[in-house]
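No lab work stands behind these numbers, since they all come straight from the coordinates. Keep in mind it's a predicted model, so treat the numbers as computed, not measured. Don't worry about glycine lacking a Cβ; one is built from the backbone with ideal geometry, like all the others, and counts go over all protein chains shown.
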């Protein structure tokens, strides 16, 4: 006789968000140290990378809240619809965030902004890979 499948453990979203916030702090501190020691750009590089990383953090946090709103087999349709909604909201936050940053921040380094954003995206993927292995 076959046995039923084991239940998947529930994800601890607060722990995942805490790991992401530590990643945000690491990105900001590393860009600050590179800026202060090597580039000496009066904090422009640090501010730009921090804004890019913060934009990525906020967009990913909102997406996570949308996706894990429902759980269980009976809520599979709601989970899929929330996945689509969360992804759309995430992309809107990113697009409007970049537009607002480029419009209203005067002293800005665009490459540092993009690098900060990309570092957080790579970090999110690495953290999620470790989270899904558990």
Practice task
Within the range 13-23, work out how many residues are free of Cβ contacts under 8 Å to residues at least 12 places away in the same chain and within 17 Å of residue 118 (Cα to Cα).
Solution key: 1
Problem - Count of the range 45-69 residues which are over 17 Å from residue 127 (Cβ atoms), over 13 Å from the mean Cα position of the chain (by Cα) and surrounded by 16 or more Cβ atoms within 10 Å (Cβ to Cβ) - result: 6
Fill in the blank from the handout: When every residue in the range 90-130 that is in contact with a helix residue (DSSP H, G or I) (Cβ under 6 Å, 6 or more places away or on another chain) and farther than 27 Å from residue 41 by Cβ is compared, the one surrounded by the most Cβ atoms within 10 Å (Cβ to Cβ) is 90
Practice task
Return the pairs, sorted by first residue and then second, in which the second residue is part of a helix (DSSP H, G or I), the first residue lies in the range 24-43 and is at positive phi, the beta carbons are less than 9 Å apart, and the residues are 6+ apart or on different chains.
Solution key: 42/35; 43/32; 43/35; 43/36
